[in-house]
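Contents: one structure, followed by commentary.
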Amino acid sequence: MTAPAIQTPTARAAAQTAPTGAAPAPAAAPGTAALDEAVRRDPVGQRVLTGDRPTGPLHLGHYFGTLQNRVRLQGLGAEMFVVIADYQVITDRDIAHRLAEHTENLVLDYLATGIDPERATIFPHSAVPALNQLLLPFLSLVSVAELGRNPTVKDEIAHSSQATVNGLMFTYPVHQAADILFCKAHLVPVGQDQLPHLEVARTVARRFNERYPLPGGTGVFPQPEALLSAAPLLLGTDGAKMSKSRGNSIPLSADEDTTARLIRGAKTDAERRIGYDPADRPEVSSLVLLAALCQGRAPERIAEEIGDGGAAALKRTVTESVNEHLRPIRARRAELAADRGYIRQVLRDGAERANAVADATLTEVRAVMGSL
Ligand code: TRP
C-alpha cells in the first residue's frame with residue numbers, strides 16, 4: 001500500500017533536525033501535539049474535517065502540507081470528512097471550468113495518496129442541501145464589517161481576475177463554517193492561510209450556541225480547532241509559495257519526465273555550494289527540503305552530501321527523490337483512473353453519508369431555532 005507510515009517523513013526529518021541545533025524544526029502550531037495526543041487517546045471521538053477546491057491537480061505542497069497528515073489521522077482512527085468545495089470555485093470564476101473533471105481528479109489524488117473511502121467521507125458540498133441551508137442562520141451571526149476584514153478574502157480579492165467582487169466571495173468563509181459545523185467537526189487540519197476562516201467557524205459556533213442555547217446550557221455546535229501542519233512551506237519552481245493558480249507547482253499526477261523538466265526549471269541562486277538556509281537561500285533550501293521530505297532524512301544531511309555539486313546535482317537528487325517517492329502513488333493513481341465509474345461511486349457514497357449527517361444537524365438547528 002502507498003499510505004505513509006504513522007511517523008511521516010516530515011516528523012522524522014524534524015526529529016533528526018532538532019538535536020543538531022541547526023535550522024529549527026518546522027514550526028508546529030501551539031497545541032498541535034496536544035491535539036494529536038487527543039486523537040491518539042480517543043480516536044473515535046474525534047471528527048476531522050478537511051477540504052480542497054476542485055480547481056486543478058494537487059501538488060507536492062498539498063501532499064507534504066496536508067495529505068500525509070490526513071492519512072496519518074485516518075490511520076490513528078479519527079473519523080474523517082473531506083469536503084470538495086465546488087461552490088467555492090465560483091467565488092472568483094465566472095464559469096466553473098471542467099468542474100466535474102477536477103472533482104474526480106481530486107478524488108483520484110486522495111485515494112492514490114492513501115485516503116480510504118471506506119473510512120473517510122469524501123463529498124462535494126454542492127450535493128448536500130442541508131449543509132448549504134445552514135449558511136442562512138450562520139450569515140445572521142456575523143457582521144458585514146467582520147466579513148470585510150477577513151485577510152484571506154482580501155488577499156483573494158486582490159489576486160482575483162474578476163472586475164467586481166461578488167457576494168459569494170464575500171461570504172464564503174461563513175459557507176466554510178457550514179462545511180465544518182454541519183458534521184460538528186472537532187479538528188480541522190489546515191494551512192496558515194485558512195486560520196482566519198477557522199476563526200469564523202469558531203465564532204459562528206459560539207454565537208449560535210449563545211443565541212440558541214440547549215436546555216442545560218450546552219449548545220448544538222462544538223468549537224472546532226485548527227490543526228496546523230508541521231510541514232514547512234514548500235516553494236514553487238519560481239520561488240513563490242507553491243500554488244495551483246501560480247503555475248509553479250509540481251503536480252502529484254505529473255509523469256517522471258515532466259517532473260524532471262519542472263525541477264530543472266526551478267529557480268536557484270548563484271552560490272555553487274549547496275546549503276540548507278531557508279532564511280537566506282529560500283529557493284535552494286526549498287529544493288533541499290523537498291528531497292529531504294521524500295527521503296525521510298534531515299535537509300542538512302542532503303545539503304552536505306551535495307556540497308559543491310551545485311544546482312545541477314541538487315536538481316538531479318530532487319528529481320530522483322520525488323519520482324521515487326511518488327512512484328507507487330502514481331501507479332495506484334493510474335490504476336484507479338482506469339475506472340471512472342468507481343470514482344463517481346465514491347462521490348455518491350460520500351454524498352449520501354454527508355447528507356445523513358447534515359440532515360440530522362439541520363433538524364437540531366431548526367428545533368433550537370423554533371422553526372416549523
Ligand atoms: N477554503 C479551502 C481552500 O481554499 C477549501 C475548504 C473549503 C476547506 N471548505 C473547507 C478547508 C473546510 C478546510 C475546511 O483550500
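Readers should treat all values here as calculations from the given coordinates under stated rules, not as data from a laboratory. Please read all numbers here as calculations on a predicted model, not as lab measurements. Every residue, glycine among them, receives a Cβ derived from its backbone with ideal geometry; neighbour counts consider all protein chains shown.
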Loop sites only, by DSSP: take the GluC sites (Glu not before Pro) in the chain that have at most 15 other C-beta atoms within 10 Å and name the longest stretch containing none of them.
119-270
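Hey, what number do you get for the chain at 222 nm if only DSSP H runs of n ≥ 4 count, each worth -39500 (n - 2.57), divided across all residues, to the nearest 500?
On the way: 16 runs with 193 residues, N = 372.
Per the formula, -16000 deg cm²/dmol.
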Ranked by GNM mean-square fluctuation in the chain (Cα springs under 10 Å), the top entry among I343, I180, I157 is I157
Could you give the dipole magnitude of the chain about its Cα centre, charging the beta-carbon of Lys and Arg +1 and that of Asp and Glu -1, in debye to the nearest 20?
180 debye
Dipole of the chain [Lys/Arg +1, Asp/Glu -1 at C-beta], most positive-end residue of C183, A303, A127
C183
Which of Q133, Q194, Q162 moves most in a GNM of the chain, Cα contacts under 10 Å?
Q162
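Summarise the long-distance tail of P(r) for the range 234-321 by giving the % of C-alpha pairs beyond 19 Å.
30 percent
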What percent of all Cα-Cα pairs in the chain falls in each 10 Å bin, counting up from 0?
5, 23, 32, 25, 12, 3, 1, 0
Could you give the Stokes-Einstein D for the range 103-254 in µm² per second, using the C-alpha Kirkwood radius, 37 °C, 0.692 mPa s?
187 µm²/s
Mind jotting down a quarter of the surface of the convex hull over the alpha carbons of the range 221-372, in square nanometres, one decimal?
13.2 nm²
Summing Lys, Arg as +1 and Asp, Glu as -1, what charge do residues with Cβ under 15 Å from the Cβ of V82 carry, V82 excluded?
-3
What percent do you get for the relative contact order of the range 80-124 when only Cα pairs under 8 Å and 6+ apart count?
71 percent
The relative contact order of the range 229-372, taking Cα pairs under 8 Å that sit 6 or more residues apart, comes to a percentage of 19 percent
Size of electric dipole in the range 270-372: Cβ of Lys, Arg +1 and of Asp, Glu -1, about Cα centre, debye, nearest 20:
400 debye
Taking the chain as a Gaussian network, Cα atoms linked when under 10 Å apart, which of A279, A334, A260 shows the biggest mean-square fluctuation?
A279
Report the number of Lys pairs in the chain whose alpha-carbons are under 30 Å apart, with separation of 8 or more residues or on distinct chains.
10
